[in-house]
Amino acid sequence: MIGELWWNRLVNSVRFLDDIQIAVMNEKSVVLFFDDEIPWQDIMIETIEQRLADQNDDRKLRVLNVSGVPDSNEIGSYLLEEFCRKEEKNVYWPTTHGNEMRFLAQSRDTNLNKQDVCLTGIRPEHAAKWIASISEYMENCDPTKEHGVFLLMIEGAPAVGTKQLTAFRYTDYVTDYDCMMLCLTMVSDLSCGRAEKMYLCEVASNIAHNHIEHAALLAAENLDLLRDPVGVTERVYQENDIKVTNLQNVVRAAVWEAQIKLVFPKLENFRVEIIRKYASKLQQYLPIRSSNNDTVDQAADLEIGQLFYICKENSGSRITDYAEFEMLKKMRNARNILAHWDILSYEQLKDIDMI
């Protein structure tokens, strides 16, 4: 599965889990901050669970979805209900033991002491209260005795750490580069050239705005995405219930950006090579005036359109051979299409040897 690839093989996502594992193994509770939804969350949790079990099979990872806790003021009573037997809960008295988190931390008769607990579904507006509650629990734990260790997974809330919780921010590890690396790993076995693979991954990442799961869905369509980017993206997003406003415009802008990166450097290489081969011939037809009415008197300063104009107007002199002139015409056309915010078709890219 792609999620297993992401959490087990991609360097920076693996490094993220490495640091979490080290902290938890040292009995430190952690808070994990994600700007957006967590990619392949179930697989991430399963991977953490397996890593911890491999190191210490005496402790178990328990996963609690706390999205159903309606009021952040009920965090203590919720955890008391989850981790204390009825007899122990009956012992608790606020005026004697303080609040619930302090009671949990000091109790030796709770199964929490032998568990690592992953808390998911924390609402952004409740994040600060959850962090404060778990921090209070950790502050009141006896460091010489076994106690519970928490992993708080928080989406869409400001990253705020405390002395008692080790904070890990996902974006400190994973960047847009990692999205590209995942896509490149997925398409590595495709029967096409390196440039086409790079272009495919650029298109998938751009359309998805580097959303890891969305980019992976698009990259999995392989070359079909390049042949019909709008149609394929619409189908994939509909099948996966992904909503994007003005999707067609988003796709075309993403493809255009990818084509600029792909085409313009190669256009420049082609321009430079034509000038290198035919500089002495081209110099005979200079100076000329540019569209800005500037004087161009050196062959090295000629742009693609100017090269085409000189070669066409002086076709009888055969400045280039026929194949080079035809390619020059296609390159000029490609440059004009992109310069006017339009995109090249897959066939056009193939025709000018871009992929």
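The values are calculated or read from the model by the stated rules, or taken from the named source; none is laboratory data. Everything numeric here is computed off the predicted structure, so don't read it as measured data. Don't worry about glycine lacking a Cβ; one is built from the backbone with ideal geometry, like all the others, and counts go over all protein chains shown. Only protein heavy atoms, including side chains, enter the accessible area calculation; ligands, DNA and RNA are left aside. Shrake-Rupley method; radii C 1.70, N 1.55, O 1.52, S 1.80 Å.
Among residues of segment 42-88 being within 17 Å of K129 (Cα to Cα) and β-branched (V, I, T), the one that is modelled with the lowest pLDDT is V69. With respect to (1) modelled with pLDDT of 95 or more; (2) in contact with a Leu (Cβ under 7 Å, 6 or more places away or on another chain), the lone exception for N8 is condition (2). When residues in segment 266-294 are screened for being among the basic types (K, R), surrounded by 13 or more Cβ atoms within 10 Å (Cβ to Cβ) and more than 13 Å from G305 (Cα to Cα), 3 of them pass.
Applying the condition of being on the phi > 0 side of the Ramachandran plot and either touching a residue at least 12 places away in the same chain (Cβ under 8 Å) or not basic (K, R) (or both) to segment 303-355 and asking which residue is surrounded by the most Cβ atoms within 10 Å (Cβ to Cβ) yields D353.
Residues in segment 255-312 that are out of contact with any Lys or Arg (no Cβ under 7 Å at 6 or more places or on another chain), under 24 Å from I352 (Cβ atoms) and aromatic (F, W, Y): W256, F264, F270, Y278, Y309.
For segment 179-194, residues that are in a helix (DSSP H, G or I) and either touching a Ser or Thr at 6+ places or on another chain (Cβ under 9 Å) or surrounded by fewer than 13 Cβ atoms within 10 Å (Cβ to Cβ) (or both) total 5. For A215, the conditions (1) touching a Phe, Trp or Tyr at 6+ places or on another chain (Cβ under 9 Å); (2) in contact (Cβ under 8 Å) with a residue 24 or more places away in the chain are fulfilled apart from (1). Take the conditions (1) touching a residue at least 40 places away in the same chain (Cβ under 8 Å); (2) among the charged types (D, E, K, R); (3) at negative phi; E46 misses just one of them, which is (1). May I ask you to verify whether T120 is within 22 Å of I20 (Cβ to Cβ) and part of a strand (DSSP E or B)? In short, yes. Note on segment 129-177: residues that are of a type in the set (F, W, Y) and assigned to a loop (DSSP other than H, G, I, E, B) amount to 1. Flag set for V203, criterion: under 16 Å from A254 (Cα atoms), of a type outside the set (D, E), in contact with a Pro (Cβ under 9 Å, 6 or more places away or on another chain) and in a helix (DSSP H, G or I).
Residue-level analysis places G98 among those that are on the phi > 0 side of the Ramachandran plot and open to solvent by less than 60 Å² (accessible area, probe 1.4 Å).
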